[in-house]
Amino acid sequence: MMIGNEMHEFARELWPINRSLTGNGVRETLGRIRQYLPGLEVFEVPSGSKAFDWVVPKEWAVKSAWIKTPSGETICDFSKNNLHLVGYSIPFSGMLKLQELQNHLYSLPDMPTAIPYITSYYQERWGFCLSQYQRDQLKDGQYEVHIDSELFDGHLTYGEYLVKGRLDSEVFLSTYICHPSMANNELSGPVVTSYIAKFVSELLRPRYSYRFVFIPETIGSLTYLSRNLDHLRRNVVAGFNVSCVGDERAYSYLPSRAGTTISDRVAKHVLSHIAGNYEEYGWADRGSDERQYCAPGVDLPIATIMRSKYGRYPEYHTSLDDLETVVTPDGLLGGYKALKFAIECLEANVYPKATQLGEPQMGSRGLYPTLSTTGSSFEVRTLMDILTWSDGKHSVLDIAEKCEKPAWEIAPMVKMLVDHELLTLSDH
Amino acid sequence: MMIGNEMHEFARELWPINRSLTGNGVRETLGRIRQYLPGLEVFEVPSGSKAFDWVVPKEWAVKSAWIKTPSGETICDFSKNNLHLVGYSIPFSGMLKLQELQNHLYSLPDMPTAIPYITSYYQERWGFCLSQYQRDQLKDGQYEVHIDSELFDGHLTYGEYLVKGRLDSEVFLSTYICHPSMANNELSGPVVTSYIAKFVSELLRPRYSYRFVFIPETIGSLTYLSRNLDHLRRNVVAGFNVSCVGDERAYSYLPSRAGTTISDRVAKHVLSHIAGNYEEYGWADRGSDERQYCAPGVDLPIATIMRSKYGRYPEYHTSLDDLETVVTPDGLLGGYKALKFAIECLEANVYPKATQLGEPQMGSRGLYPTLSTTGSSFEVRTLMDILTWSDGKHSVLDIAEKCEKPAWEIAPMVKMLVDHELLTLSDH
Amino acid sequence: MMIGNEMHEFARELWPINRSLTGNGVRETLGRIRQYLPGLEVFEVPSGSKAFDWVVPKEWAVKSAWIKTPSGETICDFSKNNLHLVGYSIPFSGMLKLQELQNHLYSLPDMPTAIPYITSYYQERWGFCLSQYQRDQLKDGQYEVHIDSELFDGHLTYGEYLVKGRLDSEVFLSTYICHPSMANNELSGPVVTSYIAKFVSELLRPRYSYRFVFIPETIGSLTYLSRNLDHLRRNVVAGFNVSCVGDERAYSYLPSRAGTTISDRVAKHVLSHIAGNYEEYGWADRGSDERQYCAPGVDLPIATIMRSKYGRYPEYHTSLDDLETVVTPDGLLGGYKALKFAIECLEANVYPKATQLGEPQMGSRGLYPTLSTTGSSFEVRTLMDILTWSDGKHSVLDIAEKCEKPAWEIAPMVKMLVDHELLTLSDH
């Protein structure tokens, strides 16, 4: 639980920052992640840069934004909750009748206490989000609207963190830092990814290299891909998109487009062992950066492990997706563990080969009871199962599946058999 | 319904003609089909010609045939119903006692009002078919039997109709014109095939070439194959045997021998979308010309789409298989539509490839809402699904199956994306 | 039943012999098998010989062994039941208090009337086995223990029997002759294998060569493999480990390690036709010499057909596994038949190819009714099914599975079609 509490604390620290596709909120968020990952590199890509079919948008800055009611009350105050302002709202000041103002207000009739999360990145608009409950109480009259925002040629900012392993082959993890004050989608992603990156950085001589990126969703992954596609296609052998890893209500898996990569197998292996009844989604249910990483012509082996999936929990994309009732220390810990086990599976997934023809004489090595009785072979069954599948064609993950045990329990037994010179290992 | 009624009318026109393996009934049937398909070529193959392991039989002609009862009543009159005479009956005239006559009579004890359909193509015999009800009323005495038929060295007649497309690759449709006055098996086949051929002939620049043959069953397909095997094996990429496509009670699919050809996939795709609960038969249930088209060494990709399958509806091969209670305009229309959709699937089944890396910017093309809300992506989901599978390896049929939608609904969306220069297409 | 009774009689003859890994009991058993198989070759491998990771153990001989109770009663008398002495017990003579003796006694609290079967091949020990019931009645006092046994550099003995066929490719059957007086595991194996070898030796010009080995379990198969691995890997195309084939309660199948060899297919084919509800085990349930034959680097295509599997019937490895209540003539006959059918499947499993394009004219060959009626094709359906799958790519076993009939019923029909020159056959 300690790590769960630490992560929850870190999420609270990041909570009030106004993250969006671009801007100082992103920079500040990356700055705080760098406290955990000193090697984190930050990149700035100018507005107007091409990213495949897309263009990096203007940078957005907000000083203040609010509405004053006819009775003089200030509502929808951006300084109180950054969800009140439609993302990428243009500057505006003026007096409007309630009827005119209504065209710029967004609320959710079915969730009367929730402030919705709305953005308009690619068409210039302004607007405010508020609860339906509050909206229903607005009275006719003149409203003063104030939005001191700016859209200007600036930069898109993202972070990248690399841990070098024994192999050039890379495991790639991506999470996004563009969502303002919401917890599962998406403070959980950057928070858990920071801790996973820290865990990996502390591994003793990992087999794979690990690359972590902290980017704005969609335009960020497209920008990153457009600058690194050749390298990624050449080196990435597995990876995960990290999103919605913070609540306690479910575990979920969403496949890569191919559906059959090692990342898919590992994700399903981990979830089947830590949460037998996890939700298995299809590619048709995609909705995060896997859309770009697995796009035709990109085709990276990226699968997604989640707790409750975006779009499938009631508080999604509203102010109710918070750190009190939705995202918990236990929820974050579960997300962390699932990704940690996935990485352990990948690290362990070498190909053992038996050194002896036929079954080895386990007894002479002290690995087998010397007295045969009806039940005596039971205890060493798993060792024998590992040996029988160690034909150089089955990986540790294959063998773990044959044994119906988690790869992270098989791995130490493989190591013991290597120590007894009954197995040799190869990366492939 | 208009086409359904037209086809039903055409079936009525063909009904009284005495079709068999050979003879003028076949020629007259083909003549009437030629009214719809002016380019229909008619071929005559001499009796005695070899067709693989078989020999083209003698031509059969019937002037008249009847039995006169002891009381002077004329029964089993061929001019009233051509089913009364066993197909390929040799000539005979004489007086027989009822007991002797019984050896030449065929009826169905379980279906007392039905005249069965009986043939004896490859052994010389004569016989009459009648209802069990009528047979039970025959009284002892002398019966005059009269069969003015002829078996002579003539020809086997068949028709062939070709529509040239952009590709030399051919879609092959075959139906048979050897069954006398029965409706589902088999006026429905030649009638629907005539209308499908007309539909194809009116397509604007079809992708595939289409070849239609109207032949007698078994000896006709063997004869046709023995004369055209090399061409067919080289060019035919898909095809259907058309039989029993006229009643309303079921849709049925019978596979090719391989079971995995594009014709099989298309047949199942079409039927699953127009009739979720269609009957799926196996190759063990075969019984029509697919036996020849899919024979070892022939191996054409021919599947069968039917309404109620031959042998699986109570009126099969009897006088009860009629145009009143069994085959209806609606039944024929369903058979027509299924084959039309199958052809549309084949025509549409190109391989799209996305022109952009990553998802394209749909918003800038007016294809996507510019305001993100929780439900906004719903309307364009299918467009995005088409794009994500357009990797040049998935055909339109593959993509339609991924989207769980009919290919004929996906095809126009593919066209729209091509018009927006987001996809290119290739035949493979 | 006659063969069942003969086999049961032979099992009775072998029953009292003291079989173990080595020794005169093995030699005598092989000598009696040689009465049925005069060509049986017997091999002697010296103690201390290497067998992969193992070493051939010392030879074990027992003259007498018993315990005398304080009241002078002789119990655990080896001459009455060789299960009383722990296998490979070292010599010992002396007086022990009951408490000391208890450390050398083995019984089964859950099966109070059964003498357990215990061995200690690879650690020097002595011990006695007795029923829990008898053990409970032992009274305090001095016990005289007498074991006149010897462990000495001798030989491991095994038998090999070869039937040459038309092909060099071999079918390999192995059974073990190291178990003392128990019936299903394991007098049934050598008894049924002897009769199967006799059956094969009487085949008229078999297609495959057949190799039978009678060996002690584990060390025997390892020794045999280490001396013959290259030949076996080059020639063995199928085979079965024969164990537990004598009771009437079940049929069981245990796969090869690969699970997809022809032996696996044949085993499942046979059992599905003779015992629809047979038990299907997995490789995880292995426990006999298939562990060696299918080990990585050995990889012979060896599957196992059993009646009640070792370890899965209550009398397993106890004195209750007897020839009265467990193994019966009917039980042995069932094991024999299953293996006989398996061999018939392998012999029959050639690749037929149709000589004619299209369906042949069966009528002209007297193979088809000449009068077509609604039901007429029923009788020849299987012949037509055989012909339609005879494309040179489907074997007789494939075809039998398509027809849902046993291969041994399809084989004579294939022969008939060959006689009519409608099929040709090839070994592959």
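Residue check: C:Gly48 meets all listed conditions (1) on the phi > 0 side of the Ramachandran plot; (2) crowded, with 20+ Cβ neighbours inside 10 Å but one, namely (2). Cβ-Cβ distances below 8 Å connect the following pairs, each with a first residue in the range A:318-337 that is touching a residue at least 40 places away in the same chain (Cβ under 8 Å) and closer than 17 Å to A:Tyr117 by Cβ, a second residue that is surrounded by fewer than 23 Cβ atoms within 10 Å (Cβ to Cβ) and among the aromatic types (Phe, Trp, Tyr), and a separation of six or more residues or different chains: A:Asp321/A:Tyr313; A:Leu323/A:Trp15; A:Val326/A:Tyr313. Where residues in the range A:203-221 are within 14 Å of chain B (Cβ to nearest Cβ) and of a type in the set (A, V, I, L, M, F, W, C), which of them is nearest to A:Trp54 (Cα to Cα)? Filtering the range A:203-221 for residues that are within 14 Å of chain B (Cβ to nearest Cβ) and of a type in the set (A, V, I, L, M, F, W, C), the one nearest to A:Trp54 (Cα to Cα) comes out as A:Ile219. When the range A:79-90 is filtered for residues that are more than 23 Å from A:Thr218 (Cα to Cα) and touching a residue at least 60 places away in the same chain (Cβ under 8 Å), only A:Asn81 remains. When the range A:408-428 is filtered for residues that are of a type in the set (A, V, I, L, M, F, W, C) and in contact (Cβ under 8 Å) with a residue 60 or more places away in the chain, the ones remaining, listed by number, are A:Trp408, A:Ile410, A:Ala411, A:Val414, A:Leu417, A:Val418, A:Leu422, A:Leu423, A:Leu425.
Every residue in the range C:317-338 that is farther than 17 Å from C:Asn81 by Cα and of a type in the set (Ser, Thr, Tyr), please. The answer is C:Thr325, C:Thr328, C:Tyr336.
Within the range A:49-68, restricting attention to residues that are assigned to a loop (DSSP other than H, G, I, E, B) and touching a strand residue (DSSP E or B) at 6+ places or on another chain (Cβ under 6 Å), the residue that is nearest to A:Pro216 (Cα to Cα) is A:Val56. Residues in the range B:115-130 include none that are over 26 Å from B:Glu217 (Cα atoms) and more than 14 Å from chain C (Cβ to nearest Cβ). For the range C:304-323, indicate whether the set of residues that are more than 30 Å from C:Tyr106 (Cα to Cα), within 11 Å of chain A (Cβ to nearest Cβ) and not basic (Lys, Arg) is non-empty. No, that holds for no residue.
Of the residues C:Ile274, C:Ile262, the single one that is in contact (Cβ under 8 Å) with a residue 60 or more places away in the chain, surrounded by fewer than 19 Cβ atoms within 10 Å (Cβ to Cβ) and of a type in the set (A, V, I, L, M, F, W, C) is C:Ile274. Restricting the range C:398-416 to residues that are surrounded by fewer than 22 Cβ atoms within 10 Å (Cβ to Cβ) and away from chain B (no Cβ under 14 Å) leaves a set whose member that is farthest from C:Ala342 (Cα to Cα) is C:Met416.
Applying the criterion of being in a loop (DSSP other than H, G, I, E, B) and crowded, with 20+ Cβ neighbours inside 10 Å to the residues of the range A:245-259, the residue that is nearest to the other protein chains (Cβ to nearest Cβ) is A:Arg257.
For C:Glu100, the criteria (1) more than 14 Å from chain A (Cβ to nearest Cβ); (2) closer than 20 Å to C:Asp321 by Cβ; (3) out of contact with any strand residue (DSSP E or B) (no Cβ under 7 Å at 6 or more places or on another chain) hold in every case but one, which is (2).
A search for C-beta distances below 6 Å between a residue of the range A:227-238 that is under 22 Å from A:Arg207 (Cβ atoms) and touching a residue at least 24 places away in the same chain (Cβ under 8 Å) and any residue that is assigned to a helix (DSSP H, G or I) and aliphatic (A, V, I, L, M), counting only pairs 6+ apart in sequence or on different chains, returns A:Ala238/A:Ile262; A:Ala238/A:Leu346. Applying the set (1) more than 14 Å from chain B (Cβ to nearest Cβ); (2) among the β-branched types (Val, Ile, Thr); (3) over 30 Å from A:Leu108 (Cα atoms) to A:Val298 leaves exactly one unmet item: (1). Could you check, for the range B:91-107, whether at least one of its residues is farther than 27 Å from B:Thr218 by Cα and part of a loop (DSSP other than H, G, I, E, B)? Yes, the range B:91-107 has at least one match.
When C:Glu359, C:Glu279, C:Glu347 are checked against the criterion of being more than 14 Å from chain A (Cβ to nearest Cβ), among the acidic types (Asp, Glu) and within 30 Å of B:Leu300 (Cβ to Cβ), C:Glu359 stands alone in meeting it. Determine if the range C:93-102 includes at least one residue that is among the hydroxyl-bearing types (Ser, Thr, Tyr) and buried (at least 19 other Cβ atoms within 10 Å of the Cβ). No, because not a single residue in the range C:93-102 is among the hydroxyl-bearing types (Ser, Thr, Tyr) and buried (at least 19 other Cβ atoms within 10 Å of the Cβ).
Going residue by residue through the range A:38-54, is there one that turns out to be in the same structural domain as A:Ala197 (by TED's automatic domain parsing) and at pLDDT below 95? For the range A:38-54, residues in the same structural domain as A:Ala197 (by TED's automatic domain parsing) and at pLDDT below 95: absent.
For every residue, the table says whether it meets (1) more than 30 Å from C:Glu324 (Cα to Cα); (2) assigned to a strand (DSSP E or B); (3) modelled with pLDDT under 95.
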{"position": "C:Gly159", "(1), (2), (3)": "no, yes, no"}
{"position": "C:Arg166", "(1), (2), (3)": "yes, no, no"}
{"position": "C:Ser174", "(1), (2), (3)": "no, yes, no"}
{"position": "C:Asn184", "(1), (2), (3)": "no, no, no"}
{"position": "C:Ser194", "(1), (2), (3)": "no, no, no"}
{"position": "C:Ala197", "(1), (2), (3)": "no, no, no"}
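Of the residues that sit in the range B:313-362 and are within 30 Å of A:Thr223 (Cα to Cα) and polar (S, T, N, Q), which one is nearest to the chain's Cα centre (by Cα)? That would be B:Thr355. Going through (1) more than 22 Å from B:Leu40 (Cβ to Cβ); (2) buried (at least 24 other Cβ atoms within 10 Å of the Cβ); (3) within 14 Å of chain C (Cβ to nearest Cβ) one by one, B:Tyr224 falls short only on (1).
State whether one or more residues within the range B:122-145 are closer than 30 Å to B:Tyr251 by Cα, among the hydroxyl-bearing types (Ser, Thr, Tyr), in contact (Cβ under 8 Å) with a residue 12 or more places away in the chain and in a loop (DSSP other than H, G, I, E, B). Yes, some residue in the range B:122-145 is closer than 30 Å to B:Tyr251 by Cα, among the hydroxyl-bearing types (Ser, Thr, Tyr), in contact (Cβ under 8 Å) with a residue 12 or more places away in the chain and in a loop (DSSP other than H, G, I, E, B). Of the helices (runs of 4 or more DSSP H) lying entirely inside the range C:274-390, those carrying at least 2 residues that are touching a Leu at 6+ places or on another chain (Cβ under 8 Å) and in the same structural domain as C:Phe10 (by TED's automatic domain parsing) are C:290-293, C:329-348.
Of all positions in the range B:72-79, none carries a residue that is part of a strand (DSSP E or B) and either within 14 Å of chain C (Cβ to nearest Cβ) or under 27 Å from the mean Cα position of the chain (by Cα) (or both). Name the residues in the range A:249-280 that are among the polar types (S, T, N, Q) and touching a helix residue (DSSP H, G or I) at 6+ places or on another chain (Cβ under 9 Å), would you? A:Ser252, A:Ser256, A:Ser263 - these are the residues of the range A:249-280 that are among the polar types (S, T, N, Q) and touching a helix residue (DSSP H, G or I) at 6+ places or on another chain (Cβ under 9 Å). Among the residues making up the range B:54-78, those that are in contact (Cβ under 8 Å) with a residue 24 or more places away in the chain, surrounded by 14 or more Cβ atoms within 10 Å (Cβ to Cβ) and more than 18 Å from B:Tyr143 (Cβ to Cβ) are B:Trp54, B:Val56, B:Pro57, B:Lys58, B:Glu59, B:Trp60, B:Ala61, B:Val62. Could you tell me whether any residue of the range C:17-36 is at pLDDT below 95 and either hydroxyl-bearing (Ser, Thr, Tyr) or outside the structural domain of C:Gly189 (by TED's automatic domain parsing) (or both)? Yes, that holds for at least one residue.
The values are calculated or read from the model by the stated rules, or taken from the named source; none is laboratory data. Predicted, not measured: the structure shown is a model, and the values here were computed from it. Virtual Cβ from ideal backbone geometry, glycine too; neighbours counted across all protein chains shown.
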